[in-house]
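Let me begin by presenting the structure, written as structure tokens, before commenting on it.
The values are calculated or read from the model by the stated rules, or taken from the named source; none is laboratory data. Source: prediction; values computed, not measured. So basically every Cβ, Gly included, is an ideal-geometry build from the backbone, and we count neighbours across all protein chains shown.
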């Protein structure tokens, strides 16, 4: 439920902030289950507000007032002791704020997700920081006379008094690949602030300065972390968890790679914990039990069975009534503000933003070290010349991310262009092998995992920068072989090193095909059919064909995923209506007039918003291998091609 709003207005700041605060609280009060505690400060030109639960159990405060500074935090800065030393959590935010304002690069040593805003009233200065990946979430809305930032796009719009509308560019991406690529969001005018960004708003001079460390230099440095340093960093995260949350943490242990590394780090750090395993996949629980038995010390290990999850069956069980899916999609938008993927359509959304407060420790981020987006023939493709490699990797990603039928041609083209843009950026930063696919995964996909950045209390040790740097130092073959995971386990818990990672068996062929959950089976199918008649970003003829197959019971999993995404987009319009009911009629009228005026399509963020001074913090120097490549005749041939000319224009 944690909600942050920061702003800079050129005039009438206090009155506008009061009205904006009232709108935010009116809209979110029910979603917060009336449990939110508000703290804030309004200056003459800048301001900062945060809402958090009254009964938060984390020792790190979401609001800290040290007199000279007001500090608002989203999530918890695991490993903050590496930056400011062993300072008690309640005294640490002010110390950390002073440290990262002096040296912004130090902020990137904190484990994501973490977002921090620092306000200095005397100087009328506002600083905002995003973590190295951007998982902690920060969105920005530009106004005619100022800016608003928030971790929730709807809160930014309500605070600013700007009517909510769907973003054509963002939903074009989502129609084709299922998420909002680049800096796009579901809401027109609201953009995602990338990771490794430091924003400074000087209220006195009315100047906004944005500094960003180039992501390739964040993760691919000359002084790469060793396995020993990464193991130490993971233990520091485990110790931070023990010092920042009361009680014994529960760490999940499966038979797989990522959870084993996380559990090993907590055990090696000497944290008093409880291990928990699930029997969801046949054979995996046995691997987890063998890991516990191999430990040279005792540790509590609980097992959660599938049979104990859910409702006890009744004496005369009745098949559950299928849910109305259009209403469910709307409730998901209300909860997650359009940022959850459509794959959640068949899951019931939480009723409020305040119903989850427990600590959750997971293995998100481990995919960077085992090639999550790699095609099966990645090593063969990696041996191709650079020009052919770029084409091959781009085509593989396009085929993986975009369904064969459903999205309109412009939506497909938008995704293809963004894939090419990100891969060329990786090459420009000196990443010339299949690691460019991992770069794409981190830049485009990892920071958009909804459950990681959605609430406080989610701990993902494998997002610590040291682990990501070590992962980027791997060769593609080492990623395929899980080299980093194996070496970390060997150094943390040697007894686990020779126990193979669990791999599920291929399911036996079914005598009868499994029943798909088809959209056309929903009780509100007539409403869904009506909603799917005209959906932005989709080819209507293709949608009609997919819907006909769904109603006939002849659909496929891929086709149903496309239909779910189309319904997701269609119901978003109802969500916009709910938001705009909390705004003055003049705001919605102005938005309607703006939408009625033809405009040029949104441009990608590489152009940058106008009147924004961007100061690079670190310039990347190309490595010797790239210089040798530049002298190669094959590279010169590539530069004369169309793709090569595009690459050169980007590099200028």
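Keeping to the stretch 1-12, report how many residues are in contact with a strand residue (DSSP E or B) (Cβ under 8 Å, 6 or more places away or on another chain) and surrounded by fewer than 20 Cβ atoms within 10 Å (Cβ to Cβ).
1
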- [ ] Could you list all residues from the stretch 144-181 that are without any contact (Cβ under 8 Å) to a residue 60 or more places away in the chain and over 29 Å from residue 419 (Cα atoms)?
- [x] 144
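Could you check, for the stretch 124-132, whether at least one of its residues is outside the structural domain of residue 445 (by TED's automatic domain parsing) and without any contact (Cβ under 8 Å) to a residue 24 or more places away in the chain? Explain how you work it out, then say what you get.
Pass one, the stretch 124-132, residues outside the structural domain of residue 445 (by TED's automatic domain parsing): 124-132.
Going one step further and asking which of them are without any contact (Cβ under 8 Å) to a residue 24 or more places away in the chain, we end up with none.
The answer is no; no qualifying residue exists.
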Open item on the list: Between 360, 342, 408, which is in contact with a strand residue (DSSP E or B) (Cβ under 7 Å, 6 or more places away or on another chain), touching a residue at least 24 places away in the same chain (Cβ under 8 Å), under 22 Å from residue 545 (Cβ atoms) and surrounded by fewer than 22 Cβ atoms within 10 Å (Cβ to Cβ)?
Closed with: 408
- [ ] Only residues in the stretch 88-106 that are assigned by TED's automatic domain parsing to the domain that holds residue 78 and more than 17 Å from residue 120 (Cα to Cα) count as the first member; pair them with residues that are part of a helix (DSSP H, G or I) and at pLDDT below 95, Cβ under 6 angstrom, at least 6 apart or cross-chain, and list the lot.
- [x] 89/244; 106/83
Task: Within the stretch 226-252, considering residues that are farther than 20 Å from residue 92 by Cβ and touching a strand residue (DSSP E or B) at 6+ places or on another chain (Cβ under 7 Å), the one surrounded by the fewest Cβ atoms within 10 Å (Cβ to Cβ) - done: 248
Task: Matching entry among 182, 127, 202 (being surrounded by fewer than 24 Cβ atoms within 10 Å (Cβ to Cβ), touching a strand residue (DSSP E or B) at 6+ places or on another chain (Cβ under 9 Å) and on the phi > 0 side of the Ramachandran plot) - done: 182
TODO: Of the numbered conditions (1) surrounded by 24 or more Cβ atoms within 10 Å (Cβ to Cβ); (2) at pLDDT 95 or above; (3) touching a helix residue (DSSP H, G or I) at 6+ places or on another chain (Cβ under 6 Å), residue 141 fails exactly one; give the number of that condition.
DONE: (1)
- [ ] Find the helices (runs of 4 or more DSSP H) located wholly in the stretch 1-119 whose residues include 3 or more that are at pLDDT 95 or above, and list them.
- [x] 13-28, 92-102
